Amino acid sequence: MSDRIPEDNVVGLARDHEADDDQPGALSRIAQHRSSRRQFIKGVIASGAAVSSAGYVFGGLGARPARAVTGAVERLISLNVNGQVRRVDVVPQETLAMTLRYKLGLTGTKLGCDRAECGACTVLVDDVPHYSCSVLTHAMRGRAITTVEGLEGAGGELHPVQQAFVEELGPQCGFCTPGQVMAAVGLLKANPKPSIEEARVAMSGNICRCGAYDHYLRGVMRAAGEA
Ligand code: FES
Ligand code: FES
């Protein structure tokens, strides 16, 4: 059995022992324990701050990042985004959506719920639609990521799915549109001639608060040459 005294109990124990003349050493043991626990917590906080700040400083200077400095996970990683290799400083718990938007400036990827429910953050990973709010950027090393920016033609023209959505009046407020586009592009890569039911299922992970579901669905069928 450990003689560890939970922090919550220390005050109560101290109060009990204040009236206990038979145990003169108890208060000093409690005081000692309280002091060492406080030092432990201070140490954890200090080391966390050191890990964090060191990673930022050394990553920013282009030297070896957190792993060399702290023994923690490597933070400066290479990502393949829209056919380009991008070097980026990524903390271990960072989601792909955060990296794309706030580190790489690719704000076409939207953040709605940030919990894998709305589809606004949909991107392609190896041509398969993923919610970028719910995958860790570190897991994306060696994968090919495509965002809505990556669909732009050489001359700035729209992707056929985007063009079809415009013609079918899909975008209303437009917030969900990049995610809808990426879901549709992912579908048509895997299944260039989907039935309308297949398209409906494939698009069902993308919520539209404007309720333009039928417009997007017709857009998918138009892009597939079925409308
Ligand atoms: S923001 Fe990712 S699913 Fe809603
Ligand atoms: S167009 Fe407004 S949320 Fe879909």
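Any read-out appearing in this document is the output of simple, stated calculations on the displayed coordinates, not a laboratory observation. Treat the numbers as computed from the prediction; the structure is a model and nothing was measured. Here the Cβ positions follow ideal geometry from the backbone for every residue, glycine too, while neighbour counts run over all protein chains shown.
State whether the range 73-114 is rounded, prolate or oblate according to the following rule on the C-alpha gyration tensor (a ≥ b ≥ c being the square roots of its eigenvalues): a/c under 1.5 gives rounded; otherwise a/b larger than b/c gives prolate, and the remaining case gives oblate.
Note, shape of the range 73-114 comes out oblate.
Rounded to the nearest 0.05, what FRET efficiency is calculated for Gln93 and Arg143 with R0 set to 22 Å and r the Cβ-Cβ distance?
That pair, Gln93 with Arg143, gives E of 0.75.
With +1 on each Lys and Arg Cβ and -1 on each Asp and Glu Cβ, how big is the dipole of the range 75-227 about its Cα centre, in debye rounded to the nearest 20?
About 480 debye.
Quick check on the range 75-227: take the gyration tensor over C-alpha atoms, sort the square-rooted eigenvalues as a ≥ b ≥ c, and tell me if it's rounded (a/c under 1.5), prolate or oblate.
prolate
Taking 0.36 nm per residue of separation and subtracting the Cα-Cα distance, what length does fully extending Ser204 through Asn191 add?
Answer, rounded to one decimal: 3.1 nm.
Add +1 for every Lys or Arg and -1 for every Asp or Glu among the other residues with Cβ under 15 Å from the Cβ of Val148, and state the total.
Residues near Val148 contribute -1 overall.
Compute the whole-percent fraction of alpha carbon pairs in the range 138-227 spaced more than 23 Å apart.
Summing the P(r) of the range 138-227 above 23 Å gives 20 percent of all pairs.
Below 8 Å, C-alpha to C-alpha, sequence gap of six or more: please give me the relative contact order for the range 92-224 in percent.
Over the range 92-224, the number comes to 27 percent.
Please report the net charge: other residues with Cβ closer than 14 Å to the Cβ of Ala199, K and R +1, D and E -1.
Spelling it out: positives minus negatives among the neighbours equals 0.
Only residues of the range 210-227 count here: report those whose backbone N is under 11 Å from the spot 7 Å along Cα→Cβ of Leu169, or say none.
215
Do you know the relative contact order of the range 113-189, to the nearest whole percent, from alpha carbon pairs under 8 angstrom that are 6+ apart?
For the range 113-189, the relative contact order is 39 percent.
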